[in-house]
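**Student:** Input: one structure, supplied below.
The values are calculated or read from the model by the stated rules, or taken from the named source; none is laboratory data. Remember, predicted model here, so these are calculated numbers, not experimental data. Here the Cβ is made from the backbone with ideal geometry for all residues, glycine too, and neighbour counts use every protein chain on show.
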Amino acid sequence: MGSRESVTGAGDTGTRDAAMESFEEFQKNAVQVIEGDSRKLSSVKDGMAMFVDSKPGKRGERFRFVPVASLSIVADDLVNGAVEHSEYAGFLLPGRGYAEFTVRPSRSMPLRRYIERLKWVSDDAECSHAFIPSEPTRPNGREAESSRIGFHVHSPKERACVELSRATATATFLTDPWPFVTAYPENSLRMYTLKVFVEPSLDGESVSRQATDIAARSIFELDIRNGIHFVLEPRERLRVSFEASPGSNSPKIRFPRLKTPREVAALFSFAAEASDNPPFIFLSYYQVLEYFLPMAHKRDAVKALRIALKDPYFDEGEDSSVLTLLNSIERLKQASEEEQLKVLVRDFVREEKLKEFFDDVDVKHFANKGPIAGIPEISLHPKSEPLSVQVAKRIYALRNRIVHAKDDPKYASIPVLLPRSVEANNLQPDVALARVLATEALIHGQG
Ligand SMILES: [Zn+2]
């Protein structure tokens, strides 16, 4: 679908010049604002103006669409400071105390069907906004009076409103552009958005924080009170995948040789089910590690006790000898999870596998100024701690940031790493590291 040629048609224009020619003055001005420095109007078809990046990035050409009838609205929003939200698909218009977020159902059902099958009833909003519920995008066979889609609710106390309705042209325009020319951008999966209205007098930072907070609370209440499951679409959706050799499409299969307990195999494969949720994937691998912690710890303890018993100076007749032994048993018994993890990484993970991993990976991610805050860096400097210790510390700290472990006071003050945040989307290298550890633990935990 979607060669450039197909974009021309009766009354439509195939070139920027022809499109501009057909526009009135105010539309030409709007186009110039929308183009800015980074895009060009490319053509107009079926009342839809198509813009293309003037300098295609790594991902190739991207296309954005604006209905011709909405060119002025989009231009106006851009002039008034509409910017993409930093974490979620959607945009902020701080000067107007406005934010718009793309939502999607958390189950695999088209958004339109999920939203339009419901009969929406909401509190009356006594605010200054005019809200007209949307008509369904396709006839759903119900009587007209039930086809009121969306809501607009207001809190006088918080001086804020929240609305679910069709996406505005600006939101559609500013959301992730299309990688191909589509004949029906208006049928986008992202056609409904959550809109939040707060005090326009707030500064940009506060508008963003408050609006995002209200959006998250709305999603939560829709779930807990109404059983409606939405998620805010993250601005970037990372899909974590681990191909054995990228691009290879001739997998070589063997009869399974690893004697992996079913529960561990299940934990490991849960990671694949959560492919677009990096913190979940990380936790799945971490649970595999957890499974092997007692085994690693026990093996280490037995080894340590054997050495103590073989010590030629050990004398079972001497109280001091027995007490020394007792102390070391106590110490082993009290090992924290972090200490146990250090033992696991030291004893169950081959050092050359770690070195191999860090040879291949972008080490900047693991450095002091990497994208994941508040967890120990990993340094390959010869004078730093053993790699296994650094890795265990980082993995443990990251796990605590994700589950927000209050049991370890060291991490109580560090903010939780949220599932769909920017940090979550930067987690791939740490997830890959956890996967290496889990794989090694599975291998070393055999029999
Ligand atoms: Zn309102």
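Listed here are the residues, each with its yes/no results for (1) at pLDDT below 95; (2) within 27 Å of Gly60 (Cβ to Cβ); (3) β-branched (Val, Ile, Thr).
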{"position": "Ala171", "(1), (2), (3)": "yes, yes, no"}
{"position": "Thr175", "(1), (2), (3)": "yes, yes, yes"}
{"position": "Leu189", "(1), (2), (3)": "yes, yes, no"}
{"position": "Ile214", "(1), (2), (3)": "no, no, yes"}
{"position": "Arg225", "(1), (2), (3)": "yes, no, no"}
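**Student:** Before we move on, is Arg346 assigned by TED's automatic domain parsing to the domain that holds Phe268 and out of contact with any strand residue (DSSP E or B) (no Cβ under 8 Å at 6 or more places or on another chain)? Give the steps one after another, and end with the answer.
**Tutor:** Details: assigned by TED's automatic domain parsing to the domain that holds Phe268: yes; out of contact with any strand residue (DSSP E or B) (no Cβ under 8 Å at 6 or more places or on another chain): yes.
Criteria met by Arg346.
**Student:** Here's another thing I want to ask about it. Search the range 371-388 for residues being under 19 Å from Lys342 (Cβ atoms) and of a type in the set (A, V, I, L, M, F, W, C), and hand back the single one that is surrounded by the most Cβ atoms within 10 Å (Cβ to Cβ).
**Tutor:** Ile378
**Student:** For the range 69-78, indicate whether the set of residues that are buried (at least 23 other Cβ atoms within 10 Å of the Cβ) and part of a strand (DSSP E or B) is non-empty.
**Tutor:** no
**Student:** Going by the structure shown, is Asp347 farther than 30 Å from Asn425 by Cβ and touching a residue at least 60 places away in the same chain (Cβ under 8 Å)? Lay out the reasoning, then the answer.
**Tutor:** Details: farther than 30 Å from Asn425 by Cβ: yes; touching a residue at least 60 places away in the same chain (Cβ under 8 Å): yes.
When the stated conditions are applied, Asp347 passes them.
**Student:** Follow-up. Only residues in the range 122-133 that are charged (D, E, K, R) count as the first member; pair them with residues that are within 11 Å of the ligand (Cβ to nearest atom), Cβ under 6 angstrom, at least 6 apart or cross-chain, and list the lot.
**Tutor:** Listed by first residue and then by second, the contacts come to Asp123/Val153.
**Student:** Does Ala99 meet the test of being assigned by TED's automatic domain parsing to the domain that holds Ala211 and within 16 Å of the ligand (Cβ to nearest atom)? Lay out the reasoning, then the answer.
**Tutor:** Working: assigned by TED's automatic domain parsing to the domain that holds Ala211: yes; within 16 Å of the ligand (Cβ to nearest atom): yes.
When the stated conditions are applied, Ala99 passes them.
**Student:** So Pro246 ticks every box in (1) modelled with pLDDT of 90 or more; (2) closer than 25 Å to Asn426 by Cβ; (3) over 22 Å from the mean Cα position of the chain (by Cα) but one. Which box is left unticked?
**Tutor:** Condition not satisfied by Pro246: (1).
**Student:** Return a yes/no flag: does the range 82-94 have any residue that is in the same structural domain as Ile214 (by TED's automatic domain parsing), surrounded by 15 or more Cβ atoms within 10 Å (Cβ to Cβ), within 16 Å of the ligand (Cβ to nearest atom) and of a type outside the set (S, T, N, Q).
**Tutor:** yes
**Student:** Lys353 is checked against (1) closer than 22 Å to Leu293 by Cα; (2) in a loop (DSSP other than H, G, I, E, B); (3) out of contact with any His (no Cβ under 8 Å at 6 or more places or on another chain) and fails just one. What number does that condition carry?
**Tutor:** Exception for Lys353: condition (2).
**Student:** Tell me the residue from Phe255, Phe268, Phe220 that is within 21 Å of Ala441 (Cα to Cα) and either loosely packed, with under 10 Cβ neighbours inside 10 Å or out of contact with any helix residue (DSSP H, G or I) (no Cβ under 8 Å at 6 or more places or on another chain) (or both), please. Show your work before the answer.
**Tutor:** Numbers: Phe268 fails: either loosely packed, with under 10 Cβ neighbours inside 10 Å or out of contact with any helix residue (DSSP H, G or I) (no Cβ under 8 Å at 6 or more places or on another chain) (or both); Phe220 fails: within 21 Å of Ala441 (Cα to Cα).
Unique residue meeting the criteria: Phe255.
**Student:** Sticking with this one: For the range 333-344, does any single residue satisfy the condition of being within 39 Å of the chain's Cα centre (by Cα), more than 21 Å from Val403 (Cβ to Cβ) and surrounded by fewer than 11 Cβ atoms within 10 Å (Cβ to Cβ)?
**Tutor:** Within the range 333-344, one or more residues are within 39 Å of the chain's Cα centre (by Cα), more than 21 Å from Val403 (Cβ to Cβ) and surrounded by fewer than 11 Cβ atoms within 10 Å (Cβ to Cβ).
**Student:** Leu418 versus (1) at pLDDT below 90; (2) closer than 24 Å to Val231 by Cβ; (3) surrounded by 20 or more Cβ atoms within 10 Å (Cβ to Cβ): which is the lone unmet condition?
**Tutor:** Looking at each condition in turn, Leu418 falls short on (3).
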